[in-house]
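First the structure, in the form of structure tokens, and then the observations on it.
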Amino acid sequence: MILAIFDFDGTITTKDSLADFIQYAIGKPGYYFGLVVLSPILIAYKLKLIPNYLAKEKLISYFFKGWSDLDFQTISDKYSLKRMNRIIRENALKKIKWHQKQGHEVVIVSASMENWLKKWCDYHKVALIATRLEVQNGQITGKLATKNCHGIEKVNRLNEWCKLSEYSEIYAYGNSSGDKEMLSIADKAYYKYFNN
């Protein structure tokens, strides 16, 4: 068996799907106003004063805390099926299809939310490991239900999902420091392979 692992944002996409999703769900004026409000948090994150997951929770909380889980999932599904293709790199999708034609198992491992990735992954028949949002009493809390699927957590989640030792060969594709650990477990690792 051969496994092909793909990061999503920046590897398969031309831009960050979180930012693109928020603009789709909220509208650009609301998105940019929110960035101004959240600028102290975003600056602290850029300066590495707060961790990735905390910045993400603050962002999600500001825009979506209190949303009905059903409403959030409905707009996530619409984004996934109707908008996502605008930011997909054609050469990355071709490589996914190439792996599938070879009979390789393909999985996307992403720090983005499962909500807006799942329908796209289902459509393209690829497995998905991603960050999950916490829901309580049918509402988005703004917190993460899982650890942020970033850095070593990508490898941890892969190990929960499968036995990596059962694969005769592992391909991995990534584009950032958050993919370093995932790339390190591959026999064939490709960094920024689709960015040309």
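The values are calculated or read from the model by the stated rules, or taken from the named source; none is laboratory data. Nothing here was measured: the structure is a model prediction, and the numbers come from that model. Here the Cβ positions follow ideal geometry from the backbone for every residue, glycine too, while neighbour counts run over all protein chains shown.
The single condition among (1) over 18 Å from residue 128 (Cα atoms); (2) surrounded by 20 or more Cβ atoms within 10 Å (Cβ to Cβ); (3) not charged (D, E, K, R) that residue 74 does not meet is (2). Taking segment 14-42 as the range and being β-branched (Val, Ile, Thr) and either surrounded by 13 or more Cβ atoms within 10 Å (Cβ to Cβ) or without any contact (Cβ under 8 Å) to a residue 12 or more places away in the chain (or both) as the test, the residues that pass are 14, 22, 26, 36, 41. With respect to the conditions (1) hydrophobic (A, V, I, L, M, F, W, C); (2) crowded, with 16+ Cβ neighbours inside 10 Å; (3) within 22 Å of residue 192 (Cα to Cα), residue 127 falls short on a single one, namely (2).
Those residues that are free of Cβ contacts under 8 Å to residues at least 12 places away in the same chain and either closer than 28 Å to residue 56 by Cα or in contact with a Ser or Thr (Cβ under 6 Å, 6 or more places away or on another chain) (or both), I need them from segment 87-131; list them, please. 90, 122, listed by residue number.
Any residue at all in segment 62-76 that is within 23 Å of residue 178 (Cα to Cα) and modelled with pLDDT of 95 or more? No, segment 62-76 contains no residue that is within 23 Å of residue 178 (Cα to Cα) and modelled with pLDDT of 95 or more. Only residues that are basic (Lys, Arg) and part of a loop (DSSP other than H, G, I, E, B) were counted in segment 9-52, giving 2.
Looking only at segment 53-69, which residues are outside any helix (DSSP H, G or I) and crowded, with 16+ Cβ neighbours inside 10 Å? Quick ask: steps written out before the conclusion?
As a first pass, look at segment 53-69 and keep what is outside any helix (DSSP H, G or I): 65-68.
Within segment 53-69, just 67 meets the criteria.
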